[in-house]
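Working notes, beginning with the structure itself.
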Ligand code: BTN
């Protein structure tokens, strides 16, 4: 046993000596295996966990994705949730997922070989496959959110994933052909997230949305958007002031899309 390094202690148990943020991740917990970091983080938020708290797990037994999907979270990936208690309106809080995607891209810039891009609203793709998903869950207060839990899942390798999703998923280490230090990755992502949240809360929404557009993968190309109200076909042009997707549907018609699932009409358009 190596006592100097704390023996068998998992290096993810503490990130304090590597973390360069001012407020994000200074309250931090790590667990070997949990149902879902979002579920546990939500419970801890109810018990008064502070804004900026981060919960990370090595694996999840009931990881949750958007639209009620199961999120495969085998050992080895990076699965974590961030708790925010933002002083903004409920409407403003909805754009926090877009802001999260921007923050993650800032953190992922340290790995230029990834060439990560955002597929609206907040999936991060690399080489035409999904590398990272974001699930935001908000508890409303009277005028502003009581808290928001933002869950982030990044595949490091596709090795542990089932056949069902392996052909659509990207793994960071597979793309980089190199091992990734998970602790370093988490600290870099938290730094990127903190800077994006600070910017958003201090009113610099336009600059953040501009940055989102610079990372966006499917602007200007024909797409299909599956919305709760049915399928829409058009060309995404950017974001509205509220963070909705602006879709040009031809013949002078346009739509503001609040929620949905976007897919390119030509799958090659996802290749960044
Ligand atoms: C998506 O469907 O794209 C969102 C996936 C979000 C997965 C992350 S992993 C950490 C956190 N805990 C969960 O149960 N889900 C999120």
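The set of residues in the range 50-73 that are more than 21 Å from residue 147 (Cα to Cα), part of a loop (DSSP other than H, G, I, E, B) and out of contact with any strand residue (DSSP E or B) (no Cβ under 6 Å at 6 or more places or on another chain) comprises 61, 62, 69, 72. In a residue-by-residue description of the range 22-41, the property of being surrounded by fewer than 20 Cβ atoms within 10 Å (Cβ to Cβ), assigned to a loop (DSSP other than H, G, I, E, B) and touching a helix residue (DSSP H, G or I) at 6+ places or on another chain (Cβ under 8 Å) applies to at least one position. Could you tell me whether any residue of the range 52-62 is more than 15 Å from the ligand (Cβ to nearest atom), under 27 Å from residue 204 (Cα atoms) and at pLDDT 95 or above? Yes: one or more hits. In the set 115, 106, 85, only one residue is more than 14 Å from the chain's Cα centre (by Cα), more than 11 Å from the ligand (Cβ to nearest atom) and closer than 23 Å to residue 173 by Cβ; that residue is 115.
If the condition is being more than 6 Å from the ligand (Cβ to nearest atom) and either touching a helix residue (DSSP H, G or I) at 6+ places or on another chain (Cβ under 7 Å) or closer than 18 Å to residue 182 by Cα (or both), then the range 63-72 contributes only 72. Within the range 229-245, identify whether any single residue is over 26 Å from residue 205 (Cα atoms) and part of a helix (DSSP H, G or I), and answer yes or no. Looking for residues that are over 26 Å from residue 205 (Cα atoms) and part of a helix (DSSP H, G or I), one finds none in the range 229-245, hence no. Comparison of 20, 75 shows that the only residue that is more than 10 Å from the ligand (Cβ to nearest atom) and more than 22 Å from residue 161 (Cβ to Cβ) is 20. Here residue 43 meets each of (1) near the ligand (Cβ under 7 Å from one of its atoms); (2) farther than 15 Å from residue 13 by Cβ with one exception, condition (1).
From 76, 107, 113, grab the single residue that is at pLDDT below 95 and in a helix (DSSP H, G or I). One residue alone meets the criteria, 113. Every test in (1) out of contact with any strand residue (DSSP E or B) (no Cβ under 9 Å at 6 or more places or on another chain); (2) more than 16 Å from the ligand (Cβ to nearest atom); (3) closer than 29 Å to residue 143 by Cβ; (4) in a helix (DSSP H, G or I) is passed by residue 93 save one, and that test is (1).
The values are calculated or read from the model by the stated rules, or taken from the named source; none is laboratory data. Source: prediction; values computed, not measured. Please note: Cβ atoms are built from the backbone with ideal geometry, for glycine as well, and neighbour counts cover all protein chains shown.
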